[in-house]
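Structure first, then comments.
The values are calculated or read from the model by the stated rules, or taken from the named source; none is laboratory data. Computed from a predicted model, the values in this text were never measured in an experiment. Using ideal geometry, Cβ is built from the backbone for each residue, glycine included, and neighbour counts are taken over all protein chains shown.
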Amino acid sequence: MIKKAFPRLSTCRSLLIAVVSLSSATLIAQAPPKAYAPAKTAWGDPDLQGIFTNATVTPLERPSELAGKNFLTEKEVAEWEALAAKGRVDEPPREGETGTYNQFWDDHGTKAISTRRSSLIIDPPDGQIPPLTEAAQKLIAERAEIRRGHGFDGPEYRPINERCLWRASTGPPIFPVAYNNNYRITQAPGYVMILSEMIHDARIIPLDGRPHLPQKIRQYLGDSRGHWDGNTLVVETTNFNDQTKLEFGRPPFGSIRGIGEKARIIERFRRTAADTVMYEFTIDDPVTYTKPWTAQIPWVKTDGLIFEYACHEGNYALKNILSGARAAENSR
């Protein structure tokens with residue numbers, strides 16, 4: 001889906017490349033741009049508060065046709081956005097199909113992020129997720145085999161997002177997904193709270209230097225601890241369980257990979273404009289990935305609301321899947 005959502009920009013051979021020649025005197029005379037100075041809270045911390053969206057048409061990984069190209073021209077960005085808008089037009093279901101979510105429910109965004117990057121991943125430089133380790137590949141294969149043999153035995157065998165326990169947009173780390181890409185950041189002395197519209201989870205992050213939970217305590221969202229590095233909020237999360245999945249894009253076009261119990265995730269939140277918080281995360285998980293990787297996603301302030309995500313209300317799918325499996329078994 002990521003690659004299909006963008007035009008083959010490498011075929012636009014007619015793009016003009018503007019080359020600006022600056023003399024050394026001009027370079028000396030030109031002052032570097034000033035860093036944005038965020039407002040402060042009543043107790044003196046940088047103010048990150050507000051409701052934000054991270055929906056974007058920029059893909060997580062760099063499409064193959066853009067290999068070696070970290071940044072896009074303004075014209076290429078406009079072409080991406082135009083194609084994304086065109087893709088939001090609903091097509092009627094084919095004969096015999098009931099249809100599924102229409103574009104009204106999707107929130108993939110219509111704009112590329114302001115950095116003009118060709119991927120959200122900024123490290124490794126090729127914009128690709130590093131390969132999985134042999135141990136991770138073996139574990140994924142083993143779990144796939146279990147699902148094939150027991151996928152309908154009971155709710156504990158169903159995916160955790162299907163059971164309304166966790167989604168990639170909840171984090172950490174936090175990815176834009178198909179819908180509900182809104183977040184509220186609220187601060188209090190010694191704490192930061194990040195409320196996710198998806199699955200309605202609220203991460204309450206202490207900033208008082210307390211240690212992480214004991215290693216024997218494992219959680220879906222891990223255990224987060226934060227501190228300020230100048231105007232940047234740095235959050236370290238550890239103590240994950242082995243059930244957390246990272247969903248990149250929307251299946252069947254996206255992929256779902258995991259992070260292990262030994263994963264360490266570093267998130268950085270920095271206000272770069274009155275309406276923007278730059279969000280950056282690094283996944284350091286040597287059990288799962290062959291090397292760490294980093295992505296950067298601007299969060300843009302919105303005048304919208306955080307809507308209730310009543311995942312389990314009227315969620316008949318899980319019951320129907322399991323009862324259908326029992327009916328199939330009894331008919332044999």
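Each residue in region 283-296 was checked for being touching a residue at least 60 places away in the same chain (Cβ under 8 Å) and not in a loop (DSSP other than H, G, I, E, B), and 6 pass. Of everything in region 315-332 that is assigned to a loop (DSSP other than H, G, I, E, B) and without any contact (Cβ under 8 Å) to a residue 40 or more places away in the chain, the residue that is surrounded by the fewest Cβ atoms within 10 Å (Cβ to Cβ) is R332. Close Cβ contacts (under 6 Å, 6 or more residues apart or on different chains) running from residues in region 297-314 that are over 30 Å from P155 (Cα atoms) to residues that are among the hydroxyl-bearing types (S, T, Y) and modelled with pLDDT of 75 or more comprise I297/Y279; P298/T276; W299/Y279; V300/T53; V300/T276; T302/T53.
Just give me the residues in region 297-314 being among the charged types (D, E, K, R) and in a loop (DSSP other than H, G, I, E, B), in sequence order. Lay out the reasoning, then the answer.
Keep residues of region 297-314 that are among the charged types (D, E, K, R), which gives 301, 303, 308, 313.
D303, E308, E313, listed by residue number.
Residues in region 111-158 that are under 19 Å from the mean Cα position of the chain (by Cα), surrounded by fewer than 16 Cβ atoms within 10 Å (Cβ to Cβ) and among the hydroxyl-bearing types (S, T, Y): S114 only. Residues that are at pLDDT below 70, surrounded by fewer than 16 Cβ atoms within 10 Å (Cβ to Cβ) and not in a loop (DSSP other than H, G, I, E, B) do occur in region 29-50.
Listed by first and then second residue, the pairs linking a residue in region 73-87 that is without any contact (Cβ under 8 Å) to a residue 40 or more places away in the chain to a residue that is of a type outside the set (F, W, Y), with Cβ atoms under 8 Å apart and 6 or more places separating them unless they lie on different chains, are V77/A112; V77/R116; E81/V57; E81/T110; E81/K111; E81/A112; A85/T110. Within region 124-136, being in contact with a strand residue (DSSP E or B) (Cβ under 8 Å, 6 or more places away or on another chain) and not in a loop (DSSP other than H, G, I, E, B) holds for L132, A136. The set of residues in region 107-166 being touching a Leu at 6+ places or on another chain (Cβ under 8 Å) and either more than 30 Å from S64 (Cα to Cα) or polar (S, T, N, Q) (or both) consists of S118, S119, F152, G154, P155, R158, E162, R163, W166.
What's the total number of residues in region 196-217 that are touching a residue at least 24 places away in the same chain (Cβ under 8 Å), on the phi < 0 side of the Ramachandran plot and surrounded by fewer than 17 Cβ atoms within 10 Å (Cβ to Cβ)? The total comes to 3. Within region 151-176, the residues that satisfy the criterion of being farther than 26 Å from V300 by Cα and charged (D, E, K, R) are D153, E156, R158, E162, R163. For region 82-97, the condition holds for at least one residue, the condition being that it is crowded, with 16+ Cβ neighbours inside 10 Å and either under 22 Å from W299 (Cβ atoms) or at pLDDT 85 or above (or both).
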